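Below is one structure, written out as structure tokens, with a few remarks after it.
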Amino acid sequence: MLSLLFAFTSAFALSIMGLMLHRMHFLSALLCLEGMMLSLFIAISLWSTTTNTGSYFSIPMFLLTFSACEAGTGLALMVATTRTHGTDHLKNLNLLQC
């Protein structure tokens, strides 16, 4: 169980590091956010199965639903900014220039 905890913690930490260090494109930021949500989903799913209680089985489904909504909203924002600004680079998304 300790190795699984280390794997999910490192996957979450790598996603955060990718979000902090590789912020050139909007799509790469969205992929890092999806990696964070996926590692949280797997960790909470395993936690709810190890507790063997029926009341915690709905929590991963809510997290997966919110993750899908976040992905859809992020992709819609990426398409909108690409159409208005012509690129998906994050350095061009300055609100003071609009």
As an exercise: evaluate Thr82 against (1) open to solvent by 70 Å² or more (accessible area, probe 1.4 Å); (2) over 13 Å from the mean Cα position of the chain (by Cα); (3) not hydrophobic (A, V, I, L, M, F, W, C) and give the number of the one condition it does not meet.
(1)
Restricting to segment 1-27, give me the number of residues that are touching a residue at least 12 places away in the same chain (Cβ under 8 Å) and touching a Cys at 6+ places or on another chain (Cβ under 8 Å).
4
I need the full set of residues from segment 14-36 which are charged (D, E, K, R) and open to solvent by less than 60 Å² (accessible area, probe 1.4 Å), in order please.
Glu34
Pairs, please: C-beta under 6 Å, at least 6 apart or cross-chain, first residue under 18 Å from Met78 (Cα atoms) and without any contact (Cβ under 8 Å) to a residue 40 or more places away in the chain and in segment 28-54, second surrounded by 17 or more Cβ atoms within 10 Å (Cβ to Cβ) and of a type outside the set (D, E, K, R)?
Cys32/Ser15; Cys32/Gly18; Cys32/Leu19; Gly35/Ser15
Qualifying position, being crowded, with 17+ Cβ neighbours inside 10 Å and either modelled with pLDDT under 85 or under 15 Å from the mean Cα position of the chain (by Cα) (or both), among Ser58, Ser39:
Ser39
When restricted to Thr9, Thr49, Thr53, the only residue over 30 Å from Asn92 (Cα atoms), of a type in the set (Val, Ile, Thr) and at pLDDT 85 or above is Thr9
Within segment 64-80, can one find any residue that is without any contact (Cβ under 8 Å) to a residue 40 or more places away in the chain and at positive phi?
no
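The values are calculated or read from the model by the stated rules, or taken from the named source; none is laboratory data. As the structure is a computational prediction, the values presented were derived from the model and not from experiment. Ideal geometry is used to build each Cβ from the backbone, glycine not excepted, and the neighbour counts take in all protein chains shown. What goes into the accessible areas is simple: the full protein's heavy atoms, side chains included, and nothing from ligands, DNA or RNA. Shrake-Rupley method; radii C 1.70, N 1.55, O 1.52, S 1.80 Å.
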